[in-house]
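Down below is the structure, laid out as C-alpha cells.
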Amino acid sequence: MPPRKSKGGGTGAKKTTVDEGGSVLHMNNRPIEALAPKTDIAKETQKLDTQVAKCKAGVAWVNLLEIAKRLKFGVYNDRPENDAETNKLVGCFEANGIVSMKDVAAIPLILKMSRLRNVDSLKLNFDEPEEVVQLELNDDKAIVVASGQHRLAALRKYKQSLLDEYSLFEKKREKIRALKQVSQEHVAIYNECHEEMGRLKGLLHDIGKWGVIIYDEEKLLAKGTAAANHLSRNNTLHEYKETEEEVLITIFKKIKSVYDSSPVDKRDQLALEHLREVRTAQEKNARLHRVLHHDAMCVFLATRILPLGPHFRHRREFSVNWLAKSIDVCMGVYVSWATMRVSALKRLSSKAEFPSSAETSTLIGSFQK
C-alpha cells in the first residue's frame, strides 16, 4: 500500500526546520525606499557656508603688494606654497588679465571690527567695482588672511615678468638710440618697442589693487574655528583647487583637535575613532583613502609630526603620493623610528633639566639599535 500523502502534498516527509540545518536566509523583497545619507556632506557644507556668510562685514580693496609683509597666512590653513599652482595662476593672468573685484577671486581677511577705520564705508559686494573703497585700518598690526598666498605669489611673479619684459624693450631702444646711422627698420623697431612699453606700463598700473572680503573675527570664531577653517578652503575656486595635501592636513588638524581635548587615557582611542568617522565621510579619492586607511600612521602624523610646525608641511611625510607608495614598504617600522626621533626632539626642546651624558649616550644607543 503506497504511503499516504501529507496535507501539504507529496509524501509524508517532514518539513525542514532550522534545527535540521535548513536555510534561514531571507531576501528583502520590500519596495526600495530612499534613505538619507549617514553623513550628508552637502548639507554640512551649506550649513558652514551660511554661518560664514553671516560673518561677512563687507568688501573693499587693498594694494596687495604694498601690505604683503603684514599679511599673515596659515593661521587656519597652513598649506605649503605650491610652485605649480602659482605658475597656473600666472598663466591665467597672462591669458585673461587680472579680475580681482569679484567674490571668487577676492581674498578673505579676518579682522576685528574695532581695527577698521572706514567700516561704515564698506560695500556689501562687488556689483559696482568703481564704488568699492580702499580698506583703512587703525593700526599696523598683522592681518590674518584665510586664503590667498598663491594669488599673492602669482601676482609678485607676474609683476616681475612684466618689469623684466619692460627692461628688455628699454635696452633695445637704448641700443638703437646709440647707433650712429639709423635705418628705416631700426625706426620701426624703436617705435614698436615704444608701443610695447606703453602697453606694459598700463598693465603695471595699479597691478597690486585687489578686492578683499572682510569677515568679523568675533562672529566667525564665536562657535570655534570650524567656520574659519571652512572659509580658508579653496574648494570653490576654479583657479586653484585644494590639493590632496591640503585635504590631508585639514583631516589631521581635526584629529589633533580631538586628541588635544580628550582625557590622556582615552585620547589615542578617540583620535582613532574620529579618523574613521572622517574617512567614511571623505570624498572619493583612491590614493587619499589608501593613506587614511593606515590608522597608526595617520594618528602618528596628526598628533606627533603636525605639532612640530608649518615648516614640516614640506616634508615627504605630508605628501599623499609618497605616503600611498610607501605604505607597503615597512611603514610600521618607519613610524616606530619616527616616533623615537620625535621623542628625542621633544627632549632637546624641553625646558626641563637636560639629561646627563650617560643618559644621553644610553638614549642614542637605543635609537641606533
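The values are calculated or read from the model by the stated rules, or taken from the named source; none is laboratory data. From a predicted model like this one, the values you see are computed outputs, not experimental measurements. Protein only, heavy atoms only, side chains kept; ligands, DNA and RNA dropped before computing areas. Shrake-Rupley method; radii C 1.70, N 1.55, O 1.52, S 1.80 Å.
For residue 72, the residues 5 or more places off, or on other chains, whose built amide H falls under 5 Å of its own are 143, 144, 145. For the chain, the 222 nm mean residue ellipticity estimated from helices alone, with every DSSP H stretch of n ≥ 4 adding -39500 (n - 2.57) and the total spread over all residues, rounds to -14500 deg cm²/dmol.
Which value in Å is the Kirkwood Rh of the chain over different Cα pairs? Please report the intermediate quantities before stating the final value.
Numbers: mean 1/r = 0.0381 Å⁻¹.
Evaluated over the chain, this radius sits at 26.3 Å.
Summarising the strand pairing of the chain, around 60 percent of its internal DSSP beta bridges are antiparallel. Under a cut-off of 17 Å between alpha-carbon atoms, report the aspartates and glutamates in cross-link reach of residue 253, not counting same-chain residues fewer than 8 places apart. Straight-distance partners of residue 253: 78, 242, 244, 245, 268, 273, 277, 295, 317.
Using a 1.4 angstrom probe on heavy atoms only, work out the carbon and sulfur share of the accessible area of the chain in %. Show your work: numbers first, answer last.
Working: 12620 of 24070 Å².
Here carbon and sulfur together make up 52 percent of the probe-accessible area.
Solvent exposure of the chain, expressed per residue, is 65 Å² of accessible area, with all protein chains present and a 1.4 angstrom probe.
Which pairs break 23 Å Cα to Cα here: 72/157; 54/209; 141/346? Could you put the intermediate results ahead of the total?
Numbers: 72/157 19 Å; 54/209 26 Å; 141/346 32 Å.
From 72/157; 54/209; 141/346, over 23 Å: 54/209; 141/346.
Each Cα pair under 8 Å and six or more residues apart adds its sequence gap; the mean of these over the residue count of the chain is a relative contact order of 20 percent.
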